[in-house]
Amino acid sequence: DPALIYDLGGKFDKSFNEAAYTGAVRWVEETGGSYKELEMQSEAQREQALRRLAETGANPIVMTGFAFGDVLNTVAPDYPDTKFAIIDTIVDQPNVQSVVFTEAEGSYLAGVMAATASKTGTVGFVGGMDVPLIHRFECGYAQGFKAVRPDGNVLVNYIGTTAAAWNDPVKGGELAKAQKAQGADVIYAAAGGSGIGVLQAAADEGILSVGVDSNQNHLHPGQVLTSMVKRVDNAVFDAFSAGADLETGVKLMNLAAAGVAVAIDDNNKALVTPEMQAAIDEAAAKITAGQIKIVDQKSGNSCAAQ
Amino acid sequence: MDKMPKWADVILTPLISLFLAMAISALVILAIGESPWLALNTMVEGALGSSYGWGFTLYYTTNFVFTGLAVAVAYHASLFNIGGEGQAAMGGLGVALVLLYLPLPHWSIALPVAMIGAALFGAAWALIPAWLQAKRGSHIVITTIMFNFIAAATLNYVLVNILRPPGSMDPSSARFPEATHLPALTDMAAAIGIDWGRNTPVNISFFVAIAACLLVWLLIWRSRLGYEIRALGRSEPAAIYAGIKPVRIILVTMLISGGLAGMMAINNVMGEAERLLLNAVEGAGFIGIAVALMGRNHPVGVFLAALLFGFLYQGGGELALWTSIPRELIIVIQALVILFTGALDNMVRMPLERLFLSLRQRGDS
Amino acid sequence: MDFATAIQILDSAVRLMTPLLLACLAGLYSERSGVFDIGLEGKMLMAAFTSAAVAFVTGSPWLGLLAGIAGSMALSLIHGLASITFMGNQLISGVAINFLASGMTVLLGQKIFGLGGRTPSLTGGGRFGEITLPFADSLRNVPFIGPIYADLISGHTILVYVAFLCVPLTWWVLFRTRFGLRLRAVGENPASVDTAGVSVTRLRFAAIAICGILCGLAGAYLATGLSAGFVKEMTAGRGFIALAALIFAKWRPWNALFATFLFGLLEAIANRYPNLEIGPITIPSMFMNALPYILTVIILAGFVGRAIPPRAGGEPYVKER
Amino acid sequence: MAAAAQQIGGRPDEAAPAAIELRGISKAFGPVQANRNIDLKVPKGTIHGIIGENGAGKSTLMSILYGFYKPDRGQILVNGQALTISDSQTAIRAGIGMVFQHFKLVQNFTVLENIILGAEDGALLRPSLAKARGVLKQLAKDYQLNVDPDETIEELSVGHQQRVEILKALYRQADILILDEPTGVLTPAEADHLFRILEGLKAEGKTIILITHKLREIMEITDNVSVMRRGEMVASVRTAETSPEELAELMVGRKVLLEIDKAPANPGAPVLEVRDLKLVDDEGVERLRGISFDIRAGEILGIAGVSGNGQTQLLELLGGYPEKGSKVSGTIRMNGEVLDLTGTKSDAATRRRRGIGHVPEDRQVEGLIMDFAAWENVAFGYHDKPEYQRGLLMNNAAIKADAGKYMEDFDVRPRDPNLAARNFSGGNQQKIVVAREIERNPDLLLVGQPTRGVDIGAIEFIHKRIVELRDAGKAVLLVSVELDEILSLSDRIAVMFDGRIMGERLPDQTTTGELGLLMAGVTETGPVPDAAGTPPARQQGTDRPEGRG
Ligand SMILES: Nc1ncnc2c1ncn2[C@@H]1O[C@H](COP(=O)(O)OP(=O)(O)OP(=O)(O)O)[C@@H](O)[C@H]1O
Ligand SMILES: Nc1ncnc2c1ncn2[C@@H]1O[C@H](COP(=O)(O)OP(=O)(O)OP(=O)(O)O)[C@@H](O)[C@H]1O
Ligand SMILES: [Mg+2]
Ligand SMILES: [Mg+2]
C-alpha cells in the first residue's frame, strides 16, 4: 500500500496538506485501493514516522513539506527498496522522487489577473509567515502584476511570526481591511487558515480576493477572482498510482505540466473577462516558452524582480 | 502532626487523580466513537512497550525537564516565568551560533560549549524581564509573554535572513558539523553491547537533564543562594531583614531560570534536529509550566511530571499516528491530567485525609 | 498620515481591541474576586467554537452567542470547582483549561463537521452584521465630525458596542453597587467578607460566572462577528494579551479600556505599515509584527509603575488547614 | 477526657440570666483538638475574661461562637435560646459581634466601606454609605470612637483600625461583643481608652467577652474570668475572688514569677553611640529628627513611646534596612567604629557581622519565614556564617544541631525542628526568634516588642533571657509600647516622641505618669512644638498588626 505523511499543519490545514489528502481520496475512489496516512505531531517524529512506515512495507511513501527534506536524506538510503516522494523540496537520493511546484508561475498569472481586474491599480498580498516558500507566492504575484501595470502598487503584509500565523483568520481579515483602506481591490492570500479570513473580509468589503493551494473559488462565489491552485493532489495521485514503480528524480510541477494553475470555474467565470483571459494565455505561453523569467527570491524586504 | 501518612500524600493521591483523569479521558474517547481500551493500549505500547518507545518518551522528557526546572526555580523566588518558550528558542539560537561558527573538533568539547551558548542566550532573554521586574516593577508575567513573541520574531528574522543556507526553502540553519553529533543513547547502549532504542532521538542530553535536576535540588535546598531565593520568595520584608538583596536575587534567579530553559536546546536542536528550526521549541516552554506546577516545583516532582508528559506526548503521538483518533485527543488527555493531578488534587486529598484521620482516631480510642 | 488614514487605523484598532477588551474585563471580574485566570484564552476559544457551531447549525448568531456563553461558562465552572471549591492551584487550573479548550474544540469540530476542527463558513444571517447608526450616511460629509461618526463610531457589530458599554457598566457595578463592594473585598481579604456573614464561595462563583459570560462574548465576536466561522486555535494568543492588558490596567475598568485600545492601536499601526522605513533602514516585517509587544515592554518599563494585584489573588480561601 | 472545671473561689453567678451559654463544644482541626468539650456561661451585662496560653484554643472557641468555624459537637445558647450558628450572619443576627485578633478589614477600603460591608441596606451603595455616615457620627459621640470615615484602613494606626472593628460590631447592633486580644497592639493610653469604652458598653447592658494575655487587665476590668489550657476549660471564677498569681498558675500549670528578678546594672564601655540620626522616608516625612544616645556594655536602654513615633525606623536603621527610598544622616559608632549608613556595607548582613542582633517588632512578617521549618529559621539572617557552610553548600547538619540546642534552651514547644514556623503558636514563634538572636551572643541586641501577643509563661522566659544577656556584659536596646515591660526591664529609659528623644529617666526614679506625659510630647516646659507647628504627620502609619488575618 502507498502511504502519505502530512506535515505539522495537519491534514485539514486548508492548504497543501489538505490538497494532498484530496489526491489520496481521489485515488481511493478511482482505484478502490487503500493507503496509510500519518499526521506529524512534532519535529522529532519525522524520522520515526518514515522509518516505521518503511518497515511496514508501505511503498511509495509520500510526504508533504520541505521540512522532511533533511530527515529523508538520512532515512532513504536505509530503505533502498522503498520509494519515497517528497513534495516541495529536492532530496537527491536514488529512491526519492522530489516534487517541486513553480508557485511563482501560478502566482504570476494570479498577478496578471489581479492587475487586469484592479480598478485602483493597487492590489494586496497577505502571507502567513515571512518565509522563503511564501516569498515565491509573493514575488511571482508581484512580478505578474507589475508586468501588466508597471506603475501599480502591491501591498504586502504577513500575519505573524509564530505557528499561530497560519490559524488567525481575524488578523487575516484585519489585514485585508487595512489593505482595502489603502486602495487595494484584489487581495491574494497565501496564509493557510488565516487566508479564510482574508477572503471573507474581501467579500465583506466588496473587493476581490485570490485563494491559494486548493480551489477556493466556491467560498465566496463571484467574489474570489481565482485561486492559485497547486496540484499537490495530482502529485499524490500520480505517486500512488505509480506504486512501487515510482519514477525517481525531480518532478517539476510547473505551469506546463499543469502543476500550478489559476482556477477558473463557474464561480468566477463572470469575473474573467475576455481580455483577462487573453492576458493569462499570453503570459502562460511566454512562461512556458521561457520568455518570461520569474524571480521568486526576496532580497532584503522586497522581491528581487521588482 | 500530619493529617495522613506521607506516602498517601505523595503517591496515593496523585495516582488516584491520574486514574480519574484517565477515566474521564476514556469517556471522551467513547464519546467520539473510539475504543478507550485500544487507545490506552496504543499509548502504553507505543511509549513504554519497547526500547524504541522509551527512546522517544525520554527524549520528550528531557525537553520538559529543562523547561520545568526553569519554571520551578523562578517559582521559588515567587517569580512566574512564562517565558520558557522564548528562552528555549533563544537557547537554540545560542547553540546554533556556537556550533556553526566555532571550530569544535569533537562532541565532548562541543557539548559543554553548546551548553554555555544555550544557557547564555536563554539567560540573556530572561535577564531583561528580570531587570524590569526588579528595578522598574514591570510585571514579569507580562514581560515574559511579550518576550516570547519577540523571540519568535527574532528567530524568524535570523533564520530567514541570516542563518538559512542560500537557496534553501526551509527557514532553518545549515546542518551542524558532523563532529558535533551527540551520542544517542542507542550508541551508548551499543557501546556496552546492548541493543536499545534504535533510531530514537534520546541522547546524552538526557543525563544532562538528570544532572540538572540534581544541581537544582542542591541549589534550592542545599545552597546559600537557594536559601536566599526561597526566603525572598516566601517573604520579601523578612528577606530584607535578613540582609538578602532582592534585586540581586531576582536577577540571579531569572538568569538561572532562563539558562535552564535555554539548555533545552542541547536536546532538541543539537541532539535531535542538528540544525536550528523555526519552531524547534514546539510548546515545550508552556508544558514546562504544567510540569513544574504538577511536580510541586521540586526536581524529583519535575522529573516525574516530565516523564508523565513525555509518556503522554509519545503515547499520544503514536495514537495519532496509528489510529484514526485525532491528535487533538492527546491535548485533551493532557489537559485532564493537568486538571486532576494539579488543580483538582484536593478533590481526592480531602476525602483521603478524612479517611486516614478517622482510621487513626479509631486506632487511638 | 492624513485624517482619513487615521480614521481607518482607529477603526481597525476598535475591531482589534474588542475581543481583548471583553476578555480583559472578564479577567477583571475574576481577578478582582481573588481568582486568577490564565484560562481566558481557552474560554474564548471554546466560546468561539460553540458560537460558530451553533450559529451555523441554527443560522442565528444570537443562538450562537448563547452557545458561546454556555461553552465558556462550562470552562469557568471547572475553574471554579478547581480553584474555589477544591482550593486547588489557580494557575494550574488555568493552564489545564487552555489545553482542554484547544483539544476539545478540534475534537468536537472534527466529530460534528469533519473539517479538521473548522466549522463551515457562516454565511449571511449566521453572522453578526455591521450596524449603521442613525444618520451615519447623511452626516458623513460634515467635516471632521462626519467621518468620525460615520466611519469610526458607526459600522461595527453589536458586540463592539456591548463591549464598550461594559466598561462604564463594570465601573458602576464595581464601585457603586453592593455586589461590587463585596467583590472587591473578597479579592482583597476574603476573611473580611466571611466574617461579615457573606459567602466567599458564592461571591467568587458569581465573579467567574461573569468572567465566563464576557469570555463568551469575546469568543463569539471572534467567530461570528469578525470572521465567519471557527478555525482551530483562532484566538491566537489574544487571551494572554488580554491578561497582559489587565495587569497593565492595574485591574481597573477604564484603564482596561485604555490598555486594550493601546494594544489594538499598536497592532493596527503595525498592520498598516508592514515595512516601516526609518531613514536608510527598513524595519523587517518580523519586527513590525512584534512591534506591539516591544512597545508594550517599553511602555511598561517607562511609564507604568508597579502593578499591585488584588491582595488575596491567586490564593484559595482556606479557613481550616 | 475533659476535666470538670476546677472549683476555685466562687463560681460566676449561676442564677443570673446568661447571655451566652456553651455546652460541650468540641472542635478539631485535622489531628489538632483545639477545643475539647467546653462549657462556658457568660452572664448578661458582664465583662467576661478568657485567658490561656498561646494555642490553648481561646480564639477557636470564640470563632465558633461567631459562626466562623463550625463546632464538631456541642450546643450554643444565646439569651437562653438554643441556636445553630452555621455562619457569621446568624451570629450577627443574634446580636453577636467579634473583633478578631488579626483584624478582618479590607486594607484599601475606606472606614465607611468596611463598616457597611455585608450590612448594606440595598443593592446600591450610596444610600448605605450615607446612612452609615450618620450612624457613625452618633456612635462616635456616644462612645468616643472617633475615626475619619473616609480614611482608608492602611492609612490608620492599629488602634484606629481596632476602633473600626468595634464600630463594625456596634453598627450591626451587637449586644454581645467578643474581643480577641484587643490590647496586644495598643499603647497603654489606647488600652485605657478602650477599657473606658467597654465599661460604657457594659453600663448599657451589653455583654463583653475579652481574651487577653495580660492579667493586669483581667483584674482591672472583668467581672468573671475563665481559664483555658490545651483545649480545655480548666476554671471559671469571679475575678474579685482570685489573684494574678493564681490565674497564672492555672494557665501554665506551674508557678510563674510575675516580677522580673534582676540585679542592678553594671555598665561598662559604650557599645553603641548614636549621634544626630536623621531619617526622611520616601514620602518626604521626617521620621527621625536627630536622635542621639549611648548604650554601654551590660545595660538595657528601654525606648518608650507611642508606636509610630520613629521607633520602628530607628530599629530598622540600626538593623541595616531602612525603608526603601529613605534618606539618612548622622553617625552610628559600634564599639568605637563608625558604621556605614549607606552603600552596600550598610545592609542587615553587615550589621550582623558587626555583632548586632535584632529581634524585629513583627515576628511573622520579618522575623520568620513562616513556611520554613523551625531549623531553617534558626539560621535566618545568619545563613552566611562560615560555620553553616560546607564547601559550596550549606551545612544543614550544623544548623539542625544548633536548632535542637536552641529549642532545648528556650523550651520551644513542640520541640520539633522540622515543623514549619507557622505551626507554632505566637509565643513559641517568638522564642525561636529570640533564641536565634541571643544565642549568637551579640554585642548589641536590638529588641522590638519582644512579648507582643505572647502568653505569660513565655514572657517570663523571654525577659529572663534578655536580662541574662545584659548580665553577660552585652548592650540591649529595647523598644516596647508596654510601659510595664520597659519599667521592669530597662536600666535607663528614653522616651521617643515625633522622631525625637524627649528625655531619659531612670526606672526607679520615674512613674508611669511622668513617662506617659513625655510620650505625649509634654516636657516640664510644655509640649514641644512640631517643626512645622503641626501634629506629627500620619501617626503610626507604618505600624501594622502583627501578621495578617
Ligand atoms: N484555622 C485553623 N486550622 C487549623 N488549626 C488551627 C486553626 N486555628 C487554630 N488551630 C489550632 O488550634 C489550636 C488552638 O488555636 P487558637 O487560635 O484557638 O489558640 P489561642 O488560644 O487563641 O492562642 P493565642 O493565644 O496564640 O491566640 C492551635 O494549637 C492551632 O494549632
Ligand atoms: N489557618 C491556620 N492553620 C493552621 N494553624 C493555624 C491557623 N491559624 C492559626 N493557626 C495556629 O494556631 C495557633 C494560634 O494562632 P493564632 O493565630 O491564634 O495566634 P498567633 O498569631 O500564631 O500567635 P499570637 O497569639 O502570639 O499572635 C498557632 O499555632 C497558629 O500557627
Ligand atoms: Mg488567639
Ligand atoms: Mg495569639
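Read-outs: derived from the displayed coordinates by stated rules, not from any lab. Predicted model only: the values in this text are computed from it and were never measured. Glycine also receives a Cβ, built like all others from the backbone with ideal geometry; neighbour counts cover every protein chain displayed.
Points worth noting:
- Of all DSSP beta bridges in chain A, antiparallel share, percent nearest 5: 10
- Amide H contacts of A:Q97 (H built 1.01 Å from N, in plane; Pro and chain starts excluded): A:F84, A:A85, A:I86, A:G249 sit under 5 Å, all sequence-distant by 5 or more or on other chains.
- Sorted from longest to shortest, the spans of the Cα atoms of chain A along the three principal axes equal 57, 40, 40 Å.
- Shielding by partners - mean other protein chain Cβ count within 10 Å, residues of B:132-139: 6
- Antiparallel bridges, percent of DSSP beta bridges restricted to the protein assembly as shown (to nearest 5): 45
- Our coupling estimate for segment B:100-115, obtained by passing each phi through the Karplus curve with A = 6.51, B = -1.76, C = 1.60 and θ = phi - 60°, is 7, 10, 9, x, 10, x, 8, 4, 5, 8, 4, 4, x, 5, 5, 4 Hz, Gly and Pro reported as x.
- Fewest-first sequence of B:V291, B:V348 by Cβ atoms within 10 Å of each Cβ: B:V348, B:V291
- Reduced Cα scattering model of chain C, Debye log10 I(q)/I(0), q = 0.10, 0.14, 0.15 Å⁻¹: -0.60, -1.10, -1.22
- Looking at chain D, the DSSP beta bridges with both ends there are about 60 percent antiparallel.
- Most positive-pole-ward Cα, D:L250, A:T288, D:I64, against dipole of the protein assembly as shown from beta carbon charges: D:L250
- Here the dipole of chain B is about 1200 debye; that uses its Cα centre as origin and unit charges on the Cβ of Lys and Arg (positive) and Asp and Glu (negative).
- Residues in segment C:48-55 carry Karplus couplings, in order, of 4, 5, 4, 5, 5, 4, 5, 4 Hz; the curve used is 6.51 cos²θ - 1.76 cosθ + 1.60 with θ = phi - 60°, and Gly or Pro positions show x.
- Degrees, to the nearest 10: C:200-220 long Cα axis against longest axis of chain C: 20
- FRET efficiency, 1/(1 + (r/R0)^6) with R0 30 Å, evaluated for D:R415 and C:V318 via beta carbons: 0.65
- Note on segment C:3-236: with charges restricted to the Cβ of Lys and Arg (+1) and Asp and Glu (-1), its dipole about the Cα centre is near 400 debye.
- Here the protein assembly as shown is treated with +1 on each Lys and Arg Cβ and -1 on each Asp and Glu Cβ, and its dipole about the Cα centre works out to around 1660 debye.
- Segment D:383-407 versus segment A:74-148: alpha-carbon centroid distance in Å: 68
- When shorter helices are ignored and each DSSP H run of at least 4 residues is given -39500 (n - 2.57), the per-residue value for the protein assembly as shown at 222 nm works out to -15000 deg cm²/dmol.
- GNM flexibility winner over chain B from B:A290, B:A123, B:A242 (Cα, springs under 10 Å): B:A242
- Nearest 10 degrees, 0 to 90: helix C:158-176 Cα axis against chain C principal axis: 40
- Averaging Cα coordinates gives a centre for segment C:119-169 and one for segment C:12-64; these two points are 19 Å apart.
- Inter-probe distance in nm under a simple model that places probes 7 Å from Cα toward Cβ, at D:D142 and D:N441: 6.2
- Close amide-amide hydrogen proximity is noted between D:H358 and D:L446, each under 5 Å apart and 5 or more residues distant or on a separate chain (H modeled in the peptide plane; Pro and chain starts excluded).
- Considering only C:V200, C:Q8, C:S30, and ranking their Cα positions along the charge dipole of chain C that arises from unit charges at the beta-carbon of Lys, Arg, Asp and Glu, the one farthest toward the positive end is C:V200.
- Cα-based shape type of chain B, given that a ≥ b ≥ c are square roots of the gyration tensor eigenvalues and the cut on a/c is 1.5: oblate
- Cβ-Cβ FRET estimate between B:S35 and C:I112, R0 fixed at 22 Å, reported to 0.05: 0.65
- Once the Cα atoms are used to define both axes, helix C:90-113 deviates from the longest principal axis of chain C by about 60 degrees.
- Between D:K131 and B:I11, the modelled label-to-label distance comes to 6.1 nm, taking each label 7 Å out from Cα in the direction of the beta carbon.
- Cα gyration tensor shape of segment C:1-116, rounded if a/c is under 1.5, else prolate or oblate by comparing a/b with b/c: oblate
- For peptide C:237-246, the mean count of partner chain Cβ atoms within 10 Å of a residue's Cβ comes to 4.
- Among A:E39, A:E103, A:E282: highest mean-square fluctuation, GNM of chain A, C-alpha pairs under 10 Å: A:E282
- The mean sequence distance of close C-alpha pairs (under 8 Å, at least 6 residues apart), as a share of the length of chain D, puts its relative contact order at 16 percent.
- Segment B:253-365 shape via C-alpha gyration tensor axes, a/c threshold 1.5: oblate
- Shown for C:Y273, B:Y101, D:Y66: other C-beta atoms within 10 Å of each C-beta, ranked fewest to most, produce the order B:Y101, C:Y273, D:Y66.
- Put simply, the amide H of B:S138, placed in the peptide plane, has neighbours under 5 Å in B:Q133, leaving out anything fewer than 5 places away on its chain.
- With eigenvalues of the C-alpha gyration tensor scaled by 5 and rooted, the protein assembly as shown, Å: 68, 35, 31
- Choice from C:M44, C:M234, C:M286 with maximal GNM fluctuation in chain C (Cα, 10 Å cutoff): C:M286
- Part-to-part distance (alpha-carbon centres) for segment A:4-65 and segment B:77-145, which is given in Å: 36
- Listed from fewest to most Cβ neighbours within 10 Å, the set D:K58, D:K385 follows the order D:K385, D:K58.
- Shielding value for A:175-181 is 5, the average number of Cβ atoms from other chains within 10 Å of each residue's Cβ.
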